[in-house]
1. Using a Gaussian network for chain A with springs between C-alpha atoms less than 10 Å apart, which of these wobbles most: A:V127, A:V32, A:V173?
2. I need to check one value: relative contact order of chain A, counting alpha carbon pairs closer than 8 Å and at least 6 residues apart, in percent.
3. For B:H21, A:H102, A:H157, what ranking results if the residue with the fewest other Cβ atoms within 10 Å of its Cβ goes first?
4. Please rank B:D61, A:D121, A:D182, fewest neighbouring Cβ atoms within 10 Å first, as an exposure proxy.
5. Need one number: convex hull volume per residue for the protein assembly as shown, Cα atoms only, in Å³.
6. Once label points are set 7 Å from the Cα along Cα→Cβ at both A:N168 and A:I198, what is their separation, rounded to one decimal in nm?
7. Between B:H21 and A:I205, take the C-beta separation as r, use R0 = 45 Å, and let me know the FRET efficiency to the nearest 0.05.
8. Taking all pairs of different Cα atoms in segment A:82-183, averaging 1/r and flipping that mean, what Kirkwood radius in angstroms comes out?
Amino acid sequence: MKIGMRPINTETRAKSKFYRIADVSVKRKFMVIVIVLLLGSLGVYSFFAVPTTYNFNTGLPQDLETVKGLDTIDNSFGASELYPVYVITEINDVNNVNTTLHKDAEYLIALNGVKGVSGQDANGKNVTNVSDLSQYSIENKYAYYIVYIKYSPYTNHAINLVKKIRGNSEFIVEGITSTVIDEKKQNNAIYEELELLIATVIAVIIRILSGHGSIH
Amino acid sequence: MLFSVSWTTALLYFISKYILHEAPIYLIPIILFIILFSLGSDYTVFIISRIREESASNERDTAIKNGIASSGKVVSALGIILAVSLGSLSLIPVAFLEQLGIAFIVSLLLFSNFSNNIFTPAMAYKSKMGVK
């Protein structure tokens, strides 16, 4: 007889492991449901609490040339050397441009976790005095700073620091860490909608198919 | 399904952290959710329809036990086949695919063996899903 075509008699069926497992499950239904729900709620909590990374380079084989290069630069100059934070500030008051930018430079340099800043009136950890807008201005409308931080761009420390910079409404903040913050915010909203949508659609389809819906 | 997805995410975190020494990539939980929810519904519908067939000529508990006895083996086998094929991604030395492969192995084995065979009978009995 061909595979799968053999008829299953009652005796064989009752001897099967699946039958016995189902028997125990039905007999102890309350216990099974309570245990699964308890374990499930723990799991659901961890589903939302598990820390994830946005770094797709994580886990790449160490012998790859790019990984070696990245590691060498990271170890010698810090992870922020390749992925610094870019801060753009609008020049609103042309008459007081130097004062404003000077204050911005002071603010960024003084932040905890900042290793150095390059930009108008900023040179590493020092605030300088430059009388005219230098190479860091964009058409005299914006000025930008390159902020080097002590942390890898994907870490919570970096995220918290960049969030603090973003908290200043005069700044537009760019760079990998800033992108990660935006992606997280965007994804959280989309994920919730997506999960709800999938669960609802499946529930509706199953309900219709099981004969309780309006379609027969 | 929710049980499998959520526990897989938790287990993946520990596997990634303590064995692979890397953090899980943010896309993994949502990919798992989408794929397992669809697959899980597929398998559950198959089991429930088998239970419904049995319920035409049997009492509720017998119908459930017969339904699981007939379909449990097939569903478990499908889960194992899928776990092996999708799990082969874990052999690729790129963290994203590696983690996805491991997550598929854990979740499909957990879902097709644990959820379907242990949880579904109890829930089908209590909720009268698919049975008289």
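Laboratory data are not the source of any read-out in this text; all were calculated from the coordinates shown. Fair warning: this is a prediction, and the values are worked out from it, not measured in the lab. Cβ placement follows ideal geometry from the backbone for every residue including glycine, while neighbour counts extend to all protein chains displayed.
1. Of the options given, A:V32 has the highest mean-square fluctuation.
2. It comes to 18 percent, rounded to a whole number.
3. In increasing order of surrounding Cβ atoms, one gets B:H21, A:H157, A:H102.
4. Ordered by Cβ neighbours within 10 Å, fewest first: A:D182, B:D61, A:D121.
5. Enclosed volume per residue, from the Cα hull, is 191 Å³.
6. Going by the 7 Å Cα→Cβ label model, 4.1 nm.
7. For R0 = 45 Å, the calculated efficiency reads 0.60.
8. Final number for the Kirkwood radius of segment A:82-183 is 13.5 Å.
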